[in-house]
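Please read the structure below before turning to the comments.
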Amino acid sequence: MHGRIKVRTSEEQKLQKQKEQQKKLVAYRMGMKQILSTRNKENYDPASLLLSGQLLSVNPDIYTLWNYRKEATLMELKENHSDAENGDEKSIEFCENELRLTEQCLLSNPKSYGSWHHRYWILNHHPKPNWQREFDLCTKYLSMDDRNFHCWDFRRLLVNKIGITLTDEIAFSTERININFSNYSSWHYRSTLQFLTDAESVAKELTLVQNAVFTDPIDTSAWFYLRWVLSNPNLRKTQKDELLEALEQLQELEPDCKWIVMAKCWLSGNITVLDKEHVENNVHYYKELIKLDPLRRGHYEDCLKIVETKID
Amino acid sequence: MATPIKDVILKENAPVTILFDKHIEFLRDYGKDDNNFEFGMTDYLRVSGMYWGLTALELLDQTHSSPQEEIVTYIKNCQDPETGGISACLGHDPHLLHTLSGVQILAMYDRLDAIDVEAVVKYVKSLQQPDGSFTGDKWGEVDTRFSFCAVATLSLLKRLDAVDVDNAVKFVESCMNFDGGFGSRPLSESHAGLIYCCLGFLSITHRLDLVKRDVLAWWLCERQLPSGGLNGRPEKLPDVCYSWWVLSSLTILGRLHWISGEKLKKFILACQDTETGGFADRPGDVPDPYHTVFGLAALSLLGQAEIKNVNPTYCMPQHVIDSMQLSPQILRD
């Protein structure tokens, strides 16, 4: 049970609620009994199929019922296959009905694994799947909740099906980021598109993520992405220097923001040659971090130990 | 346009000690009344639910209070004679999630003889795909959760050799992200629950050398919020179950000390229900066995003396793992 707040109710309300719940429980048990007792390997009972849809609309996590509907789908498609005249049409209608059911379930529970899987499974068995429509729907869902990882995963499956170009997807994630910088999912999505292959694209990317962290330095999402961009071997040294300077300025405005200090550590990290000034800077940064962010003291102390081994 | 940090504020009167007796009562009574609404409506997750409740009781050293014979028979009846997999409850379909839960319970009671072990092995083997991944059942859903379930189940049965482990490792490795974390499939966003599954998988297969240890441990320690609670992804609310997914992952990586154990403990204790017992996801929410076992297991990793030691890879009592002579990999300095 996630996010269900405990509420106080009167005795009367409690009794009323219990009555309603008992009704629901009896209905659920009778429904399951009917469905499971009519389930067989040759054919499906339309009344049971209808009932399973009703139960799933209330609770899409009853995984056996999705399995049952997949079995029914396979039976239906097989039977329609022998009907040369109207078979295709019947199969399409059946699959569309399944899609409608999953859509209904996803609207009430957008994180239901079973509903997402059933939808994809049906599309793969659909005589004429409309991948473009799916893709548009997915874009719409992401605009409603851009952190739903099921929806992002679904998008990835669709991109493979309809051959959306890389440029389109970069543009899509840029658009999502411009709407909301605080969107780890979009930053993650960019990291998977594998376009930071030359100095030019890395420079542009650094500008984008730099804008994000400077707009809202307290928000964590973009900082993770920044660290990753800074580890790119195609990053120009001049850009690193510029960023360090900009961070110094930002720190004057936000003296308590630990992320700025951390970014300074990343920029002066990977010390290969023993540079006394660098080492001393790092010692100073980690000591500052221990003060700014005591929760993660153990982490900074470990970092400090590593840096200090570099001092003679 | 600053984004406020998503977090909760702990109340001053929140509990600060473990309510042992309340939890024992909560766990024992859970499921006693077959007509209880919550219980009756969740039969589709029964065997996993039993694993949560029984492991919690085990960690509280209450093993004698569980009707073991009844439980063993229940699981035995849930093994599907056709495929060998275990279902959530009688009449429902076998699934890898419940197969692992069933095997975990039987291992805890040293009663693996009650089921057809070879049939379980055959079932798990049948779910491995050419790319090394595992599906949850025959209907094709791929997820790194199932990679974990597969190797955890087989290792408890001492039959890890039954599947292509190298290929399974390759798949899990292909799910690693820019932040060092793991998602449910290749290129899927990192999520603490799936990071636990993938680290648990690599711990069982002794391949933690593949992990970007400190990048990942940093991402994990950044899950701690000012309230002390841990979230599962950046910019999300804290939740007791992530106390387990994050903390066990940090333990496997040998980086438990990268967060404040004291503040986390305070958060977990505040999620106890003082009236009914049990832990909720957040203070003031409805408690359940799922959050109860993960709350207790996290407290165990934090060194709470009154709770039995838990194994970070299997989420089972350490003494069970020891007596089975299993030695999942853990990174130490």
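The values are calculated or read from the model by the stated rules, or taken from the named source; none is laboratory data. Since we're looking at a predicted model, the values are computed, not measured. Backbone-built Cβ (ideal geometry, glycine too); neighbour counts: all protein chains shown. In case anyone asks, the SASA skips ligands and DNA or RNA and just uses the protein heavy atoms, side chains included. Shrake-Rupley method; radii C 1.70, N 1.55, O 1.52, S 1.80 Å.
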Quick check: net charge around A:Y63, other residues with Cβ under 9 Å of its Cβ, Lys/Arg +1 and Asp/Glu -1?
-3
Counting partner chain Cβ atoms within 10 Å of every residue's Cβ in A:298-305, what's the average?
4
Interface residues in segment B:1-48 - accessible area drops by 50 Å² or more relative to the isolated chain, probe 1.4 Å
B:M1, B:T3, B:N35, B:F37, B:E38, B:M41, B:Y44
Within 10 Å of each Cβ of A:148-154, how many other protein chain Cβ atoms are there on average?
3
Using only helices, what value at 222 nm comes out for chain B when you add -39,500 (n - 2.57) per DSSP H run of length 4 or more and divide by the total residues, to the nearest 500 deg cm²/dmol?
-13500 deg cm²/dmol
How long is the gain from A:M144 to A:V283 if the chain were fully straight, where each residue apart is worth 0.36 nm and the alpha carbon distance is subtracted?
45.6 nm
Cα pair count fraction exceeding 15 Å, expressed as % - segment B:1-52
67
Whole number please: convex hull volume per residue, Cα atoms of chain A, in Å³.
205
Roughly speaking, to the nearest percent, how much of segment B:20-324's 1.4 Å accessible area is carbon and sulfur?
51
With axes computed from alpha carbons, what is the tilt in degrees of helix A:113-125 against the longest principal axis of chain A, rounded to the nearest 10 within 0 to 90?
70
Solvent-accessible heavy-atom area per residue, rounded to whole Å², over chain B at 1.4 Å:
36
C-alpha long axis of helix A:199-215 to longest principal axis of chain A, angle in °
90
As an exercise, identify the GluC sites (Glu not before Pro) in segment B:36-89 lying in DSSP coil whose Cβ has no more than 10 other Cβ atoms within 10 Å.
B:E82
Which one of B:L250, B:L269, B:L90 has the biggest mean-square fluctuation once chain B is modelled by GNM with Cα springs under 10 Å?
B:L90
What is the gain in length, in nm to one decimal, between B:I9 and B:K76 on full extension, counting 0.36 nm per residue of separation less the C-alpha to C-alpha distance?
19.6 nm
Interface residues of segment B:126-146, defined as losing at least 40 Å² of accessible area versus the chain alone with a 1.4 Å probe, are B:W139, B:E141
Highest GNM mean-square fluctuation, chain B, Cα pairs closer than 10 Å: which of B:A56, B:A305, B:A162?
B:A305
Qualifying GluC sites (Glu not before Pro) in segment B:231-289, DSSP loop, other Cβ atoms within 10 Å at most 15:
B:E275
Return one number: the angle in degrees, 0 to 90 and rounded to the nearest 10, between the long axis of the Cα atoms of helix A:149-162 and the longest principal axis of the Cα atoms of chain A.
80
Portion, in percent, of the accessible area of segment A:24-129 that falls on carbon or sulfur, probe 1.4 Å
55
As a test of the formula, what do you get for chain A when each DSSP H run with n ≥ 4 contributes -39,500 (n - 2.57) and the sum is divided by the residue count, at 222 nm and rounded to the nearest 500 deg cm²/dmol?
-24000 deg cm²/dmol
Nearest-20 debye value, segment B:20-324 charge dipole, Cβ charges on Lys, Arg, Asp, Glu
880
Run the Debye formula on the Cα coordinates of the protein assembly as shown, all scatterers equal and no solvent, and tell me log10 I(q)/I(0) at q = 0.08 1/Å.
-0.64
Any idea of the accessible area per residue across chain A, 1.4 Å probe, to the nearest Å²?
53
Between B:L225, B:M316, B:H95, whose Cα lies farthest towards the positive end of the dipole of segment B:20-324 when Lys and Arg beta carbons carry +1 and Asp and Glu beta carbons carry -1, centred on the Cα centre?
B:L225
Which FRET efficiency, nearest 0.05, do B:K138 and A:R133 yield, Cβ-Cβ r, R0 35 Å?
0.80
Under a Cβ-only charge scheme (Lys and Arg +1, Asp and Glu -1), can you give me the dipole magnitude of segment B:93-184 about the Cα centre, in debye to the nearest 20?
140
Calculate the FRET efficiency for A:D88 and B:H319 from the Cβ-Cβ distance with a Förster distance of 45 Å, rounded to the nearest 0.05.
0.15
Drop in accessible area of at least 30 Å² in the complex versus isolated chain, residues of segment B:212-226, 1.4 Å probe
B:W218, B:E222, B:Q224
Segments A:39-47, A:99-107, B:102-110 sorted - mean Cβ within 10 Å per residue, highest first:
B:102-110, A:99-107, A:39-47
Percent carbon-and-sulfur accessible area, segment A:130-179, ignoring ligands, DNA and RNA, probe 1.4 Å
55
Under 8 Å for C-alpha pairs, at least 6 residues apart: give me the relative contact order for chain B, rounded to a whole percent.
19
With solvent modelled as a 1.4 Å probe, how much accessible area in total do chains A and B shield from it at their shared surface, in Å² to the nearest 100?
5900
Peptide B:79-91: average number of partner chain Cβ atoms within 10 Å per residue?
1
Exposure rule at most 14 other beta-carbon atoms within 10 Å, DSSP loop trypsin sites (Lys or Arg not before Pro): chain B longest free segment
B:159-331
If you take every residue apart from B:D80 with its C-beta less than 13 Å away from the C-beta of B:D80, what net charge results, scoring Lys and Arg +1 and Asp and Glu -1?
-1
Prolate/oblate/rounded call for segment B:1-152, Cα gyration tensor, a/c under 1.5 rounded
oblate
